[in-house]
Amino acid sequence: MADAAVTIVGGGVVGLAIAAELSPHYSPLFLLERHAKYGTETSSRNSEVIHAGIYYPHGSLKAKLCVEGRDILYTLCEKHDISFRRITKIITATRKDDLAALESLYNHGRGNGVQLEMMSAQQVHALEPHINSVGGIFSPTTGIISAHGLMDFFYHSAKNNGAEIQTHCNVVGLEKRGSDFSITIEENETRTTFTSEIVINAAGLESDTVAALAGIDVDAAGYRLHHCKGSYFAIPNAKRNLVSHLVYPIPSKESLGVHALIDLGGRLKFGPDVEYLSERSYNYAVDESKRHAFAESVREILPSIEDDDLSPDYSGIRAKLQAPGEPVRDYIIRHEADRGLSGLINLIGIESPGLTASPAIAKYVYRILKT
């Protein structure tokens, strides 16, 4: 008999959500996190937006799980006092040439089942008089959430259900042996091995590394990740009332664009930009030399912002399946039985809207296990 029924690798918001979902049904359940605390990488270094589900390809996991997860999150927040705000969002077209793209985006979002409203320039300026707009889309179901509050909720839910959550625990070996998996972990330079019937790889930025430990050729499988850094700059409190909603530009092929964010404390900030990293580095320092280029992007939305209004705030790193210039790819959430790895579920490339989708991803994994 294996030491664990389920082992989850990775203590970000997705791993924690899966632990909370599965722990009433599987015991013992282990969650392994390599850092000193859960959720210290991508899960706590993002915009903390509850996304509506506008942008993602029809029928994709990103679209379906975002819409499902959004509704679950609002229910969880209201029921369990997780800090959130239904702040809503405006996507603004800043040039007349963008109006066709705006209408296309509206139709696309409606096709994903998202409630949206088209707005004239006058309607946009009635809500946001300081932004640059020739027309917009209003998203009433977009909000903001405390990522830490959400993760704390998932953590305590899992713990209360008997899950064992171990930090400072790095997975360095993963091998299929008979019907179970042999997992080698390193804690304070000491290695130990245990067995688990099921392994769920929710290791975020290193999920391809964990997949490779199991013997999967990540390049042949299309699992190789590309780390992409996104930085944020903050605006002084004296100008924080220039906008009262989240304000986004028309998205580019690579990202949603530098957008205006208001956090739960009322701070105004802009980000993230897109900086693909040539090598894996967990350097979260924000490069001050980006200030002018960043300000130029900000002025597309909010013309009154000066370079000196921007101060470096924080950054995050996203786990993208697509390389620079490649089409956006969907999440990989896959049971690897056909590779001779029955019981291994890989979650690869869980970038935005991963925070929003996290409870729906957890339910999706549970459905995989039950089939």
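Rule-based calculations on the coordinates, nothing more; no lab input. This is a predicted model, so every value here is computed, not measured. Cβ placement follows ideal geometry from the backbone for every residue including glycine, while neighbour counts extend to all protein chains displayed.
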So for the stretch 107-265, taking the charge dipole from beta-carbon charges (+1 Lys/Arg, -1 Asp/Glu), which of Ser146, Thr209, Leu242 sits furthest toward the positive end?
Leu242
Okay, helix-only estimate at 222 nm for the chain: each DSSP H run of n ≥ 4 adds -39500 (n - 2.57), divide by all residues, round to 500 deg cm²/dmol; what do you get?
-8500 deg cm²/dmol
How big is the dipole moment of the chain about its Cα centre under a simple scheme where the beta carbon of each Lys and Arg is +1, that of each Asp and Glu is -1, and everything else is neutral? Debye, nearest 20, please.
760 debye
Cα-centre dipole for the stretch 183-260 with unit charges at Cβ (Lys and Arg positive, Asp and Glu negative), debye to 20
740 debye
With no solvent and one equal point scatterer per Cα, compute the Debye intensity ratio I(q)/I(0) for the chain at 0.09, 0.12, 0.14 Å⁻¹ and report its log10, rounded to two decimals.
-0.51, -0.89, -1.17
If the only charges are +1 at each Lys and Arg Cβ and -1 at each Asp and Glu Cβ, what is the size of the charge dipole of the stretch 37-160 around the Cα centre, to the nearest 20 debye?
200 debye
Distance histogram for the stretch 264-322 (every C-alpha pair counted, 5 angstrom bins, percent rounded to whole numbers)
4, 14, 27, 20, 18, 11, 6, 0
Of all DSSP beta bridges with both partners in the chain, the antiparallel percent, nearest 5, is 75 percent
Take the cross-link list Lys62/Lys96; Lys176/Lys370; Lys79/Lys363; Lys269/Lys320 and give me the ones stretching past 25 Å between alpha-carbons.
Lys62/Lys96
